1. Would you check which residues across the stretch 46-69 are under 20 Å from the mean Cα position of the chain (by Cα) and among the aliphatic types (A, V, I, L, M) and list them?
2. How many residues are within 24 Å of residue 41 (Cα to Cα) and buried (at least 18 other Cβ atoms within 10 Å of the Cβ) if we restrict to the stretch 92-112?
3. Return the total of residues in the stretch 7-29 being within 14 Å of the ligand (Cβ to nearest atom) and part of a strand (DSSP E or B).
4. Would the stretch 46-59 turn up any residue that is within 16 Å of the ligand (Cβ to nearest atom), open to solvent by 50 Å² or more (accessible area, probe 1.4 Å), touching a strand residue (DSSP E or B) at 6+ places or on another chain (Cβ under 7 Å) and not assigned by TED's automatic domain parsing to the domain that holds residue 187?
5. Does the stretch 84-111 hold any residues that are within 14 Å of the ligand (Cβ to nearest atom) and within 15 Å of residue 178 (Cβ to Cβ), and which are they?
6. For residue 42, which of the numbered conditions (1) farther than 25 Å from residue 186 by Cβ; (2) of a type outside the set (Ser, Thr, Tyr); (3) buried (at least 21 other Cβ atoms within 10 Å of the Cβ) fails to hold?
7. Which condition number in (1) in the same structural domain as residue 193 (by TED's automatic domain parsing); (2) in contact with a helix residue (DSSP H, G or I) (Cβ under 9 Å, 6 or more places away or on another chain); (3) not β-branched (Val, Ile, Thr) is the one that residue 96 fails?
8. Taking interchain pairs and intrachain pairs at least six residues apart, which have beta carbon atoms under 8 angstrom, with the first residue in the stretch 167-185 and open to solvent by 10 Å² or more (accessible area, probe 1.4 Å) and small (Gly, Ala, Ser) and the second near the ligand (Cβ under 10 Å from one of its atoms) and assigned to a helix (DSSP H, G or I)?
Amino acid sequence: MKRIAILISGGGSNMVRLVETMLAEGYAAPVLVGSNDPAAAGLARARDLGVTTVAVDHKPFGKDRAAFEAELLRPILAAEPDILCLAGFMRVLTPDFVRRFEGRMLNIHPSLLPKYPGLHTHQRALEAGDTEAGCTVHEVTPVLDDGPILGQGRVPVLPDDSAETLAARVLKREHQLYPAVLRRYVRGDRSPVLL
Ligand code: GRF
């Protein structure tokens, strides 16, 4: 069975959905949840689900991303994951780190890529007058929020939406999309999931 490590920075609701579906269906094994923020609420949620956690605070490393990543890499390699899932992980990874997991690292992004890579995706969609928004799961390459698209989930933008109401609607779709993509990905199926 494929071993999955997940990196988070915050509440970890996508991570929880991934872990819950893996445990319920047995399509993969969650072996580690890691965070760059020791206070990330998702760490306790992961432990409650019985998953080993690790936190490596990025702050003491300042601008030295390579040193931070070296520290983070140790427990990840020790957990021997086949696939690394970024789920609300808010640190940009260096090309060196990304290359180590080339072809086996996924990310979820709250926009319909290639639209709106980076931050503030929902605000940008509203300002553009988009009638549709959504989320994307893609393979991670050294270019931020780029890489082969493995699935997209769409939601309508409603006339009275704020960035917050739109984000909440998209997040629900994220919770469906990420497990749907991972289920296929562990079988080597990279045909895009469209929700
Ligand atoms: C999600 O919207 C994800 O796409 C974005 O950050 C959010 C993380 O939410 N990058 P959670 O930590 O999974 O609840």
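1. 46, 49, 51, 54, 55, 56
2. So the answer is 8.
3. So the count comes out to 2.
4. Yes; the residues of the stretch 46-59 include at least one that is within 16 Å of the ligand (Cβ to nearest atom), open to solvent by 50 Å² or more (accessible area, probe 1.4 Å), touching a strand residue (DSSP E or B) at 6+ places or on another chain (Cβ under 7 Å) and not assigned by TED's automatic domain parsing to the domain that holds residue 187.
5. 85, 86, 87, 88, 89, 106, 107, 108, 109, 110, 111, listed by residue number.
6. With respect to (1) farther than 25 Å from residue 186 by Cβ; (2) of a type outside the set (Ser, Thr, Tyr); (3) buried (at least 21 other Cβ atoms within 10 Å of the Cβ), residue 42 is out only on (1).
7. (1)
8. Taking only residues 6 or more apart or on different chains, the pairs are 167/122.
The values are calculated or read from the model by the stated rules, or taken from the named source; none is laboratory data. Everything numeric here is computed off the predicted structure, so don't read it as measured data. Cβ atoms come from the backbone with ideal geometry, glycine included; neighbour counts cover every protein chain shown. Accessible surface areas use protein heavy atoms only, side chains included; no ligands, DNA or RNA. Shrake-Rupley method; radii C 1.70, N 1.55, O 1.52, S 1.80 Å.
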